[in-house]
Amino acid sequence: QKEVEQDPGPLSVPEGAIVSLNCTYSNSAFQYFMWYRQYSRKGPELLMYTYSSGNKEDGRFTAQVDKSSKYISLFIRDSQPSDSATYLCAMSEGGGADGLTFGKGTHLIIQP
Amino acid sequence: GAVVSQHPSWVICKSGTSVKIECRSLDFQATTMFWYRQFPKQSLMLMATSNEGSKATYEQGVEKDKFLINHASLTLSTLTVTSAHPEDSSFYICSASPWGGSSTDTQYFGPGTRLTVL
């Protein structure tokens, strides 16, 4: 079993829909959880960062972490075609001081 | 804020030659920088952790004599792929963790360098 599991998609939804992206993980020592957005042939862009369990909201984005279930989610409200990209979950034990373990990424397509 | 640059953005080289990739944090100091590799349709895989002024720590399976890392200052880390071969062709991405403050808990990524070895 891989450390971080993420459905690669593609996930195609109509514009304006709520998007739900998820990752599961096996290492209970992970404490820091991030979501990155990556466009083709570009570096990942940090979207959300959460420490331990709980919710965090930033504009149209909401990140949720459930450490008891080893399950993290990213919700995108009022999705736009410009949100079309690959979304990567990432996590670490020691935050910025540790290398990140990434999921494979979910390819998201928002249909106009 | 929190901008990381990489140079070059892409490079093509002949088999057996060496290639150097630079990673710079432009508006912050980074005591720790990381090097990742991403093959097509695959996730980013951590290659090594680079700390300013000390030797890099390599992940299992990564040849330290092939991938030389130098973290010369708090804003610059370099990755040299020595004697490159076609199987080294990949997308190399660096990241940096800011020094001090609340933003030390995460990493900011560069735009990546696409290496093609002929």
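To one decimal place, what Kirkwood hydrodynamic radius in Å is obtained for chain A from all pairs of distinct Cα atoms? Kirkwood hydrodynamic radius for chain A: 14.0 Å.
With the simple model of a label 7 Å out from the Cα in the direction of the Cβ, B:Thr17 to A:Tyr51 spans 4.7 nm. In the distance distribution for segment A:69-112, Cα-Cα pairs more than 16 Å apart total 51 percent. Taking the Cα centre of chain B as reference, the dipole from Cβ charges on Lys and Arg (+1) and Asp and Glu (-1) amounts to some 260 debye.
Charge tally for B:Thr32 (other residues, Cβ to Cβ under 10 Å; Lys, Arg +1; Asp, Glu -1): -2.
With N set to the residue count of segment B:10-77, report its C-alpha Rg divided by 2.2 N^0.38 Å to two decimal places.
1.18
The calculated P(r) of chain B, using every Cα pair and 10 Å bins from 0, goes 15, 48, 30, 6, 0 in percent.
If you average 1/r over every pair of different alpha-carbon atoms in the protein assembly as shown and take one over that average, what Kirkwood value in Å do you get? Each step should come with its number before you reach the end.
Details: mean 1/r = 0.0554 Å⁻¹.
One over the average 1/r among Cα pairs gives 18.1 Å for the protein assembly as shown.
With contacts defined as alpha carbon pairs under 8 Å and 6 or more residues apart, what's the relative contact order of chain B in percent? The partial results should precede the final answer.
Working: 300 pairs, mean separation 42.8, N = 118.
Answer for chain B is 36 percent.
Ranking A:Gln80, A:Tyr32, B:Gln38 by how far each Cα lies toward the positive end of the dipole of the protein assembly as shown (charges on Cβ) leaves B:Gln38 at the top.
Charged side chains reduced to their Cβ positions (Lys and Arg at +1, Asp and Glu at -1) give the protein assembly as shown a dipole of some 440 debye around its Cα centre.
Defining a contact as two alpha carbons under 8 Å apart and six or more residues distant in sequence, what relative contact order in percent does segment B:16-84 show? List each step's numbers first, then the result.
Values: 128 pairs, mean separation 28.0, N = 69.
Relative contact order of segment B:16-84: 41 percent.
Legend: calculated FRET efficiency, A:Glu15 to B:Ser9, from the Cβ-Cβ distance at R0 = 25 Å, rounded to 0.05, equals 0.20.
Scanning chain B for GluC sites (Glu not before Pro) that sit in a DSSP loop and have at most 16 other Cβ atoms within 10 Å, the longest stretch containing none of them is B:1-58.
Take each peptide in A:86-95, B:73-82, count the other Cβ atoms within 10 Å of every residue, and average; sorted highest first, the result is A:86-95, B:73-82. If the chain linking B:Thr82 and B:Thr116 were pulled fully straight, counting 0.36 nm for each residue of separation and taking away their Cα-Cα distance, it would gain 10.9 nm.
Coordinate-derived values only; no laboratory data. In this text the structure is predicted, and so the values were computed from the model without any measurement. Every residue, glycine among them, receives a Cβ derived from its backbone with ideal geometry; neighbour counts consider all protein chains shown.
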